[in-house]
1. Scanning segment 37-57 for residues that are out of contact with any Lys or Arg (no Cβ under 7 Å at 6 or more places or on another chain) and surrounded by 15 or more Cβ atoms within 10 Å (Cβ to Cβ), which turns out nearest to Gly87 (Cα to Cα)?
2. For segment 156-165, indicate whether the set of residues that are in a loop (DSSP other than H, G, I, E, B), surrounded by 15 or more Cβ atoms within 10 Å (Cβ to Cβ) and at pLDDT 95 or above is non-empty.
3. Determine if segment 179-198 includes at least one residue that is within 15 Å of Ile22 (Cβ to Cβ), of a type in the set (A, V, I, L, M) and assigned to a helix (DSSP H, G or I).
4. Go through segment 175-203 residue by residue and tally those that are under 12 Å from Gly230 (Cα atoms) and among the aliphatic types (A, V, I, L, M).
5. Give just the number: which of (1) under 19 Å from Phe142 (Cβ atoms); (2) at pLDDT 95 or above does Ser102 not satisfy?
6. Specify which of the listed residues (Ile48, Ile40) is touching a helix residue (DSSP H, G or I) at 6+ places or on another chain (Cβ under 8 Å), closer than 26 Å to Leu248 by Cα and of a type in the set (A, V, I, L, M, F, W, C).
7. Are there any pairs with C-beta distances below 7 angstrom linking a residue in segment 133-154 that is over 10 Å from Asn212 (Cβ atoms) and of a type in the set (D, E, K, R) to a residue that is open to solvent by 10 Å² or more (accessible area, probe 1.4 Å) and part of a strand (DSSP E or B), with the two at least 6 apart or on different chains, and if so which?
8. Going residue by residue through segment 11-33, is there one that turns out to be among the acidic types (Asp, Glu) and either crowded, with 21+ Cβ neighbours inside 10 Å or closer than 25 Å to Met161 by Cβ (or both)?
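The values are calculated or read from the model by the stated rules, or taken from the named source; none is laboratory data. Just so you know, these numbers come straight off a predicted model, no measurement behind them. Cβ sites come from the backbone with ideal geometry, for glycine too, and all protein chains shown count toward neighbours. Protein only, heavy atoms only, side chains kept; ligands, DNA and RNA dropped before computing areas. Shrake-Rupley method; radii C 1.70, N 1.55, O 1.52, S 1.80 Å.
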Amino acid sequence: MTENRKLDTRNSVRTVTSNLFITAGGLAEISLKARKLLYIAISQCRKIDNLFYEYSISVQEFAKLMNVDPSNLYQEADKITDELMKGYITVTDGKGDFEKYSLFSRCEYKTGSILRFRLNNDMTEFLLALKGSFTKPLLSDFLRMNSPYSMAIWHLMQREMKSKKPGIVDEIEFELSLSELREVTGTQYKLKQIGHFKGRVLDKALREIKDNCGVVITYQNIKSGRTVVGFHFKAISPYHIDIDSLPLEVLEKTERIKRIYK
């Protein structure tokens, strides 16, 4: 029988994925709440794991993390788990070949008590024992967001930012193509006018990133002739403290204080 583990959703927990997972097809079709639960599941993986474990979450914590009305828990849990059991990612090689992977292998809901779930073990190559090409943004950044566009764009940007946030006096610069931004947000065939894409997708995401991740990101168009083909971004963070740079005893003390006053 598969071991059951409790969730760890502390602010220091990271969502570690291969870079191939970030741009896989299918993720853009998943709703905000389903994507959050997917990232929660991914963030529970440990370096030493060679398969996915089953995780459980109380319905009270589920309601809080998903911002769900407690009176509507069953319907929301049913809808979200349906998405994740039916959902899949598609990985292509650029030559016409593709592979598809189901996201979850099992979900269970116990009325008034607990939700259990497990990722599909076929996806281990994208999420376990990763070396080299992977990204590890903070789970807490994703959980605070209100748009799947923001989640997708921040994940892509964290790949370029090497999973870091700029310090008080730092600035991080990087470039992303318009085609890749459209791919991760599922907007290849909609919002075709660049002004509409910026207003409804990119600018909205940057506001959420500022409000929820503490990073201010500005950009300039990259053009080929008169056509916008990408963006040059600059990221600053006048009030960010890198959690990973804090001593372990400080982190433990902070968590103890949070539990006392929760």
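1. Once the filter is applied, the top-ranked residue is Leu38.
2. yes
3. The answer is yes; a qualifying residue exists.
4. Within segment 175-203, residues that are under 12 Å from Gly230 (Cα atoms) and among the aliphatic types (A, V, I, L, M) number 5.
5. Result: Ser102 fails condition (1) only.
6. Ile40
7. Going by the 7 Å Cβ cut-off, the qualifying pairs are Lys136/Arg14.
8. So far as segment 11-33 goes, no, none of its residues is among the acidic types (Asp, Glu) and either crowded, with 21+ Cβ neighbours inside 10 Å or closer than 25 Å to Met161 by Cβ (or both).
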